[in-house]
Amino acid sequence: MPGIKYDEREVVWKSHGETENHKTPINLKSKAQLVGEQESIFTYFLDGSRRTYKVDDFSYTKNVYPVLAGQVGVGCCRRVDREMAEEQLRKRNLIVLPDKANKDGWNTSKRCAHWLAKVNSISHSTSGQFTFDDILTYSTKEDEKLENKGIAAIQDYMTELEKIAVAELVSQKKLDQSNYLIKDGSLEYRRDIHNKQALNLSEKHIANNYKYVVGVSKSFNPTKCKVKGGGSNSDIVAKLKLYERTPAYMYQSGNVGDVSFAIWYLRIQDAKYTQNIFDGILKVEKVITDEKAQREGLDSAEIDKISAHLLNERNPVCYGADARWANHIYPVYLTESYVKSHYLSSNFFLQLF
């Protein structure tokens with residue numbers, strides 16, 4: 001397959017994110033072979049997913065607002081002696097209403113609890129033991145597509161369950177330097193200022209839960225690889241060769257709060273076997289939890305160790321079972337499949353309304 005040719009140039013990020021000042025991609029083939037003789041540092045694998053449905057409309061003062069429902073699943077599997085087993089599984093069925101449903105605005109959480117009891121009494125009489133777990137609301141104040149706001153409420157609920165799963169592993173002292181967790185997707189959780197119970201990463205004791213957690217994204221926007229003075233460094237990511245990682249850069253997101261991330265890209269599959277130039281490349285994220293690393297960047301040795309162990313997860317692949325095979329870590333694929341296996345079929349779920 002013909003590739004794209006790029007000009008050779010050094011890697012420059014807007015903000016450097018590791019202790020060594022690398023100017024070019026780092027080849028980790030020999031490091032991966034060396035750690036391949038040892039036990040993997042990755043023991044736990046976390047994935048969250050959701051299915052959303054528009055199930056009805058709500059009419060108030062001549063306006064119509066969508067009513068949504070969703071199935072949310074968050075699962076964590078552990079790997080011991082090359083065998084996968086369930087560590088945690090949280091499955092929730094949700095209904096999402098516009099905030100106009102609570103006309104007088106009085107104590108929305110108590111009002112939702114009252115509605116939930118009523119809905120479940122009806123669903124038990126019509127469908128046996130099926131239970132809804134929560135009723136959420138979305139704001140109708142801002143000028144945005146209302147259905148998307150309902151979906152965002154379900155997404156926030158799912159990410160909160162993911163953070164609870166991590167907090168539980170930490171409280172049980174199951175994460176350490178020999179037992180890392182791979183979380184499928186980004187760790188850039190949006191700070192929730194409306195939920196007083198939210199586990200926001202901007203709180204230092206919550207951020208500390210992520211000392212041994214690595215976020216691995218299958219898809220990403222390469223134009224966000226900014227260089228000093230602006231512009232994109234996405235060509236550096238695109239031309240990574242197999243076993244190579246980029247230097248890490250430091251990143252802060254206004255949506256998360258005062259939290260720094262070390263981010264780098266790693267090619268785990270050769271581009272000649274993939275359809276897209278970014279297939280086979282992972283975006284890897286690590287929350288920076290100590291002040292020294294915030295000043296000097298994450299230890300390059302730790303980045304190399306994490307990357308080398310990720311490279312050893314490149315086989316087997318889920319080719320033929322998932323179009324994203326080149327970017328999938330197989331234990332994460334198994335965890336994702338396990339979570340989705342607990343969903344009700346969409347036909348059955350929609351018949352509840």
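The values are calculated or read from the model by the stated rules, or taken from the named source; none is laboratory data. What you are looking at is a predicted structure, and each value in this text was computed from that prediction instead of being measured. No Cβ is skipped: glycine too gets one built from the backbone with ideal geometry, and neighbour counts run over all protein chains shown. All accessible areas refer to the heavy atoms of the entire protein, side chains included, with ligands and DNA or RNA removed. Shrake-Rupley method; radii C 1.70, N 1.55, O 1.52, S 1.80 Å.
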Which trypsin sites (Lys or Arg not before Pro) in segment 289-318 sit in a loop by DSSP (not H, G, I, E or B) and have at most 16 other Cβ atoms within 10 Å of their own Cβ?
none
Dipole in debye (nearest 20) - the chain, about Cα centre, beta carbon charges: Lys, Arg +1; Asp, Glu -1:
520
Of all the accessible heavy-atom surface of segment 175-246, with the other protein chains kept in place and a 1.4 Å probe, what percent is carbon and sulfur?
46
Students often get this wrong, so check it: of LYS241/LYS272; LYS183/LYS283; LYS23/LYS218, which have C-alpha atoms separated by over 18 Å?
LYS23/LYS218
Return the loop-located GluC sites (Glu not before Pro) in segment 14-70 (DSSP other than H, G, I, E, B) with at most 16 other Cβ atoms within 10 Å of their own Cβ; answer none if there are none.
GLU20, GLU37, GLU39
So if I place +1 on the C-beta of Lys and Arg and -1 on the C-beta of Asp and Glu, and nothing else carries charge, what would the dipole magnitude of segment 211-281 be about its Cα centre? I want it in debye, nearest 20.
80
What accessible surface, in Å², does a 1.4 Å probe find on THR24, ignoring ligands, DNA and RNA and rounding to the nearest 10?
80
Tell me the per residue accessible area of segment 248-353 using a 1.4 Å probe; a whole number in Å² is fine.
44
Loop-only check: which trypsin sites (Lys or Arg not before Pro) in segment 72-138 are DSSP coil with at most 14 other Cβ within 10 angstrom?
ARG82, LYS103
Starting from the Cα of GLN177, step 7 Å along the direction of its Cβ; do the same at LYS211; then give the gap between the two resulting points in nm.
1.1
Pairs over 29 Å Cα to Cα, from LYS91/LYS305; LYS228/LYS286; LYS54/LYS91; LYS31/LYS292; LYS292/LYS340; LYS118/LYS141, come to LYS91/LYS305; LYS292/LYS340
Can you give the accessible area per residue of segment 129-202, in Å², using a 1.4 Å probe?
53
